[in-house]
Every structure is written in structure tokens, then in C-alpha cells.
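Here is the structure we will look at.
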Amino acid sequence: MEPQKIVEYLQRIPAFENLTGARGELMLYHIAEVVEERTFAKGQWLFGQGDVIEGVHLIVEGQVRLTHIDRMGVKYQVSDEGPGYVSGEDALLMGDFHDYTVTALETVTTLFISRDTFKTVLDDHPHLRRNLKIDPEIQKRRVLQEFDWLRDGEWMIFAVRRHWVRFWRRVLPPLLLLLLMIPVIVALLISEHLIFRLAGGILLLPIIALLLLMAWIYLDWRNDLFALTTQRVVHFERIWPFKEFFAETPLDNIEDIYEVRPSLAANLLDYGSLLLQTAGETVHIDMDQVPNTHYLREVIFREIERSKAREMLRSFGAIRETLAKRLEIKLSDAETLGEPVPPSYESPSVASVPQLLIGGIREYFFPHSWVVSADGGTIIWRRFWFAGFMRHLRFLIPLLLLTVGGGAFILANLHQEYILWVLTAWLFLETVLLGMLIWFIEDWHNDFFELTPSRIILVMQKPLLLEESRKETTLDNIQNISFSVPSVPARLLDYGHVTLETAGPQGKFKLQWLRHPQKVQQAISKRQREFLQRQNQVESQQRQEEMLNWFSTYDTLRKQTQKT
């Protein structure tokens with residue numbers, strides 16, 4: 001197709017409405033360079049519901065039908081569309097999933113702009129971005145994609161702070177106190193008496209403290225976010241500069257959402273709370289004192305429906321693949337599920353004896369906090385040695401003082417008659433303190449937390465094999481995952497606690513004093529999602545086999561009936 005004709009079609013896409021005049025037309029010609037012309041035969045899918053949106057389609061010839069499958073597997077015909085229909089426009093700037101399957105009713109020709117190639121155009125022509133007509137919601141979502149905890153193939157839907165009423169309730173007392181103090185301080189500073197001016201200068205210190213407190217309240221309010229993605233609901237809070245908190249629950253776990261507006265002020269100012277209910281109990285990611293609760297509730301329910309519909313479609317796709325294998329029909333690559341590529345690992349090099357000795361000493365006193373098995377299937381976390389070191393100072397400091405002080409005293413009094421008794425007592429105390437120190441070091445790093453592809457296991461061991469206990473649960477029992485950084489040293493050295501809340505009688509699993517708690521939380525969350533996907537595939541395969549057995553039995557009986 002000629003570039004001029006492509007430009008005429010591109011002008012029909014709403015995102016390019018502002019590209020007018022000579023400069024706008026020049027920008028459209030730059031976009032036309034990456035436009036692909038695609039043809040689809042009758043009955044062929046342009047794309048399927050649940051597929052990742054790869055770019056925008058503009059129909060130039062032919063008719064298509066839009067269909068949608070809901071979470072229960074019921075198929076609906078949405079509409080029929082013809083030339084001029086645009087689909088996937090938002091994907092030019094933001095990733096997401098298709099909500100419809102679009103099927104060609106006849107031979108269809110489209111102009112397709114890939115999101116990746118369009119990004120290249122934007123990078124080459126930065127002024128183009130400023131002239132695009134971007135939906136405000138898409139613009140907000142693009143900014144929110146900067147969160148580092150997002151997974152591959154996961155996109156932000158919204159992130160919201162608590163309502164500004166929450167901020168003003170906290171900041172109002174120090175603000176009022178500040179307003180009351182300012183006239184007093186001004187009166188003292190302009191006084192003719194030196195003593196009053198000195199008092200006014202001293203009172204400036206509380207003013208500075210109140211200003212710092214108000215700034216801290218603002219940062220604390222600003223860094224407290226509730227977020228919805230295409231996979232989960234997240235509560236992220238950074239209590240600056242001391243600690244941070246992260247909790248999440250998958251969309252599939254949410255059964256209902258209760259909206260509460262507790263007062264007249266909440267209704268007038270449009271804020272309230274959303275209580276998220278799971279199959280087990282109320283999760284601890286309740287969105288309290290957030291604005292636009294009606295809208296947020298609708299959006300969360302919409303994403304839950306989309307998530308469950310995509311899960312249903314995955315099941316249908318697996319059934320299609322199984323039937324194709326049974327009937328020896330070859331599916332195209334677009335219709336089959338990709339097999340995971342096994343990870344590759346390098347063979348470890350052989351260490352020398354001194355290296356092994358140094359490594360053994362290092363591993364005893366400063367053990368690795370994060371160890372992955374050779375096949376990548378199991379992760380073992382141990383408590384961070386620094387947190388244990390700080391706790392062991394109660395034994396280490398007396399031991400050092402006794403060693404240095406007692407040793408110096410004995411050397412200075414070697415010729416005294418009583419020195420033998422002092423030496424005996426000194427050696428006894430040294431042995432006791434050293435034994436206690438080693439005991440607590442052993443007790444600290446004997447405990448570990450193990451993550452397998454299907455389970456989380458807590459192993460608690462006492463030294464000398466005196467006691468060992470194991471607490472474990474399957475990943476599908478985990479309802480909520482959160483992490484916390486309890487102090488300033490923990491924040492500086494990046495260690496803290498990870499808490500798992502389960503649906504069963506196991507209750508809470510608290511993984512304490514772990515290095516990189518955010519990464520631990522993300523690793524468990526990722527494993528949980530992979531496990532649930534495998535579980536859904538197994539259940540789907542079981543249903544497929546049952547259906548195929550029914551079909552096979554029916555076919556056999558039908559043939560027998562025809563013979564008779």
C-alpha cells in the first residue's frame with residue numbers, strides 16, 4: 001500500500017487525531033514506515049481473548065466478529081465490525097490483554113502497528129509523544145509501570161493513596177500548634193528585652209521540629225500505596241526512613257469486596273474503605289480511607305473477571321491441544337502452548353584445599369543467606385548473620401572483656417600463690433562463655449527456610465540434635481505474602497521479615513531476619529503463581545481425559561449400534 005494511503009488511514013486512529021498540519025503529516029509518514037499490512041482468511045483469528053496485545057489493528061477491508069467468553073465459559077457475540085474499526089490502540093503505550101476474540105467473517109485486510117516498533121519511532125522522534133492524544137488513565141498507568149516489583153507480563157491498572165483527609169487529620173495538630181506558636185515567637189523576638197528575644201530564639205527549635213514532623217507526615221502519607229495489577233492487589237508502604245511494608249493477594253483469591261463509607265463526611269468527600277474477602281478470611285490488604293471507592297471496586301471486580309476468564313481460556317486451549325494430539329492434527333505455533341526451556345548451569349570449578357578451608361570458616365561464621373539448588377528447583381534461605389551477630393554481642397563482649405582483662409591480670413600476677421585458682425576460674429568462665437556463644441551461633445544458622453516448586457518448609461533445629469521441628473504448607477494454601485523491614489540498620493543492610501498467611505490450620509509462617517526480604521517475597525509469590533498454573537493444568541488435563549473417555553465410549557457404542 002502506498003505511504004500516502006497509509007497516512008490517510010492512520011488519521012482515523014484516535015491517538016493520532018492531533019497530528020494535523022504539515023508537521024503532523026510528517027510524523028504520520030514516520031509512523032507509516034513501520035506499518036504492516038496483514039491479511040486474514042475467512043474464519044481466521046486476528047487475535048484471541050486473553051492474548052497479550054502486541055499492537056493496534058485498523059481494518060481497511062472486510063468484516064470481523066467480536067466474541068467474548070466469561071469466567072463460566074459462556075460465549076457471547078459482542079458485535080460485528082467493518083472498515084475503520086480500531087483495536088488495541090491503548091497497547092501502543094501500555095501492555096494489556098485482549099478482552100475479545102476477533103474472527104474474520106471474510107477475507108480481512110488490516111494495518112498493524114507493533115507496540116515494539118512504535119516504541120522505536122517514539123525513541124527516534126521524542127516530539128511525537130507530546131502530540132499524541134493519550135487517554136488520561138493510560139498515561140497514569142504508564143507512569144506506574146516503573147515499580148520494580150512488577151513481574152514480566154504484569155501491568156498496572158491503578159495505584160491509589162489514602163484520601164487527603166487522612167493526611168490532614170494527622171498533620172492538623174502540629175499545624176495548629178505551629179500557628180499558635182508563631183505569634184508568640186514573633187512577639188518575643190521584637191521585644192526590647194534581651195531575655196525575651198533569647199526565649200523567642202529558643203522557641204524557634206520547636207518550630208523547626210514541627211516543620212520536620214509535618215514533612216515526615218506528608219512523606220509517610222505519599223509513600224503509602226494500594227495498587228491493582230492484572231494479577232494481584234498490592235499494599236506497599238514505606239515508612240520513611242525507617243522501614244517498609246509489602247503485602248499482596250492474587251486476584252483469584254478474592255471472593256467479594258465490601259465497600260464501607262462510615263460517615264457523612266466520607267460520602268460528601270467521596271472516600272471510604274474496601275474490605276477484600278477471600279475464601280478463608282478477611283485479608284490484611286483492606287483499602288481503608290481511599291478515594292473513589294465505587295470506581296475502585298468496579299475496576300477490581302472487572303480485573304477479577306478478566307483474570308478468571310483468561311484462566312478458563314487457558315483450559316479451553318489445553319483441551320484443543322489434547323484433542324489435536326489424539327486426532328493427530330497439527331496445530332499452528334500460535335495455537336499451541338510453548339514448552340518451558342530448561343535452565344542451563346555452569347559446572348562448578350574445583351577449589352584448592354586453602355580455598356576450601358577459608359570457605360568453610362567463612363560459611364560457618366558468615367553463611368550464605370540465599371542458596372539455590374543446582375537444578376534451580378529449591379531455594380534455601382538462612383537467617384542473616386549480621387542480625388545474629390548483634391544478638392550474640394551479649395556473650396561476645398563479656399567473652400572479649402574476660403579474655404583481655406583476665407589474661408592481663410594473670411600475666412601480671414604469675415608469681416602469686418593464688419594464681420592457680422584464678423587461672424582455673426578464668427578458664428572455666430572462658431569455656432562457659434565460649435560454649436554459650438557457639439551454642440547460640442549454631443542455633444542461629446541451623447534454622448532455615450526451604451522453598452520447593454510446591455511447598456514452603458520451616459526447619460527449626462537445636463544444636464547437638466537436641467530438637468528439630470518442621471512446619472510446612474503447600475503454596476496454594478498461602479493467601480497473603482508480606483514483608484517488613486523493622487529498623488534503620490535493617491534497611492541499610494537490606495534484611496527483615498517475610499510473613500505468610502495460610503488458609504488452613506497452619507496459621508502464619510514468619511520467616512525472620514532474612515536478607516533481601518522483598519526479593520524473598522517476590523520469589524515466593526512467583527513460585528506460588530507457577531504452582532497454581534501447574535495445578536490448573538493438571539485439573540484441566542484430568543477433565544480432558546474424562547471427556548475423551550466419554551467421547552471414545554460414545555463412538556464405540558454408536559458403531560456397535562450401526563452394525564446391529
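If you go through the stretch 69-127 and keep only what is over 27 Å from A309 (Cα atoms) and touching a helix residue (DSSP H, G or I) at 6+ places or on another chain (Cβ under 7 Å), you end up with L111, F118, V121, L122, H125.
A search for C-beta distances below 6 Å between a residue of the stretch 91-109 that is outside the structural domain of E154 (by TED's automatic domain parsing) and any residue that is of a type in the set (D, E) and part of a loop (DSSP other than H, G, I, E, B), counting only pairs 6+ apart in sequence or on different chains, returns H98/D51. As a summary of the residue check, A215 satisfies the conditions (1) in contact with an Asp or Glu (Cβ under 9 Å, 6 or more places away or on another chain); (2) modelled with pLDDT of 85 or more; (3) aliphatic (A, V, I, L, M); (4) surrounded by fewer than 17 Cβ atoms within 10 Å (Cβ to Cβ) except for the one numbered (1). In summary, strands (runs of 3 or more DSSP E) completely within the stretch 43-112 and bearing 2 or more residues that are in contact with a Gly (Cβ under 7 Å, 6 or more places away or on another chain) occur at 55-61, 101-104.
Could you tell me which of the residues E54, E61 is surrounded by fewer than 16 Cβ atoms within 10 Å (Cβ to Cβ) and in contact (Cβ under 8 Å) with a residue 24 or more places away in the chain? Let's see the steps before the verdict.
Working: E54 fails: surrounded by fewer than 16 Cβ atoms within 10 Å (Cβ to Cβ).
The match here is E61.
Scanning the stretch 12-25 for residues that are touching a strand residue (DSSP E or B) at 6+ places or on another chain (Cβ under 9 Å), surrounded by 14 or more Cβ atoms within 10 Å (Cβ to Cβ) and outside any loop (DSSP other than H, G, I, E, B) returns a single hit, A15. Checking each residue in the stretch 164-212 for being free of Cβ contacts under 8 Å to residues at least 40 places away in the same chain and among the β-branched types (V, I, T) picks out I182, V184, I185, V186, I190, I195, I202, I207, I208. With respect to Y100, is the statement that it is surrounded by 14 or more Cβ atoms within 10 Å (Cβ to Cβ), among the hydroxyl-bearing types (S, T, Y), farther than 23 Å from E17 by Cβ and at pLDDT below 90 true? In short, yes. When L150 is tested against (1) in a strand (DSSP E or B); (2) farther than 30 Å from K42 by Cα; (3) not small (G, A, S), only condition (1) is not met.
So in the stretch 130-147, with the set limited to residues that are part of a loop (DSSP other than H, G, I, E, B) and out of contact with any strand residue (DSSP E or B) (no Cβ under 8 Å at 6 or more places or on another chain), which one is farthest from E89 (Cα to Cα)?
Narrowing the stretch 130-147 to residues part of a loop (DSSP other than H, G, I, E, B): 132-135, 145-147.
This time we only want the ones that are out of contact with any strand residue (DSSP E or B) (no Cβ under 8 Å at 6 or more places or on another chain), so: 132-135, 146.
Numbers: L132: 12, K133: 11, I134: 10, D135: 10, E146: 21 Å.
So, considering only residues that are part of a loop (DSSP other than H, G, I, E, B) and out of contact with any strand residue (DSSP E or B) (no Cβ under 8 Å at 6 or more places or on another chain), the one farthest from E89 (Cα to Cα) is E146.
Taken over the stretch 363-414, the criterion of being among the hydrophobic types (A, V, I, L, M, F, W, C), surrounded by fewer than 12 Cβ atoms within 10 Å (Cβ to Cβ) and closer than 30 Å to L475 by Cα is satisfied by A374 alone. Tell me, yes or no, whether the stretch 273-285 has at least one residue that is of a type outside the set (F, W, Y), within 18 Å of R161 (Cα to Cα) and modelled with pLDDT under 80. Yes; the residues of the stretch 273-285 include at least one that is of a type outside the set (F, W, Y), within 18 Å of R161 (Cα to Cα) and modelled with pLDDT under 80.
Summed over the stretch 23-55, the residues that are out of contact with any Phe, Trp or Tyr (no Cβ under 8 Å at 6 or more places or on another chain), under 29 Å from W155 (Cα atoms) and among the polar types (S, T, N, Q) give a count of 1.
For the stretch 162-211, filtering for residues that are surrounded by 12 or more Cβ atoms within 10 Å (Cβ to Cβ), in a loop (DSSP other than H, G, I, E, B) and over 45 Å from the mean Cα position of the chain (by Cα) leaves 1.
Select from the stretch 368-407 the residues that are among the β-branched types (V, I, T) and within 15 Å of F440 (Cβ to Cβ) and list them in ascending order. The one that is among the β-branched types (V, I, T) and within 15 Å of F440 (Cβ to Cβ): I397. Within the set Y29, Y9, the sole residue that is surrounded by 13 or more Cβ atoms within 10 Å (Cβ to Cβ), under 25 Å from T103 (Cα atoms) and of a type in the set (S, T, Y) turns out to be Y9. The one condition from (1) within 25 Å of I138 (Cβ to Cβ); (2) assigned to a loop (DSSP other than H, G, I, E, B) that L28 does not meet is (2). If you go through the stretch 233-254 and keep only what is within 18 Å of D148 (Cβ to Cβ) and without any contact (Cβ under 8 Å) to a residue 24 or more places away in the chain, you end up with E237, R238.
The values are calculated or read from the model by the stated rules, or taken from the named source; none is laboratory data. Given the structure is predicted, the values throughout are model-derived calculations rather than measurements. In this analysis, Cβ positions are derived from the backbone assuming ideal geometry, glycine residues included, and neighbour counts consider all displayed protein chains.
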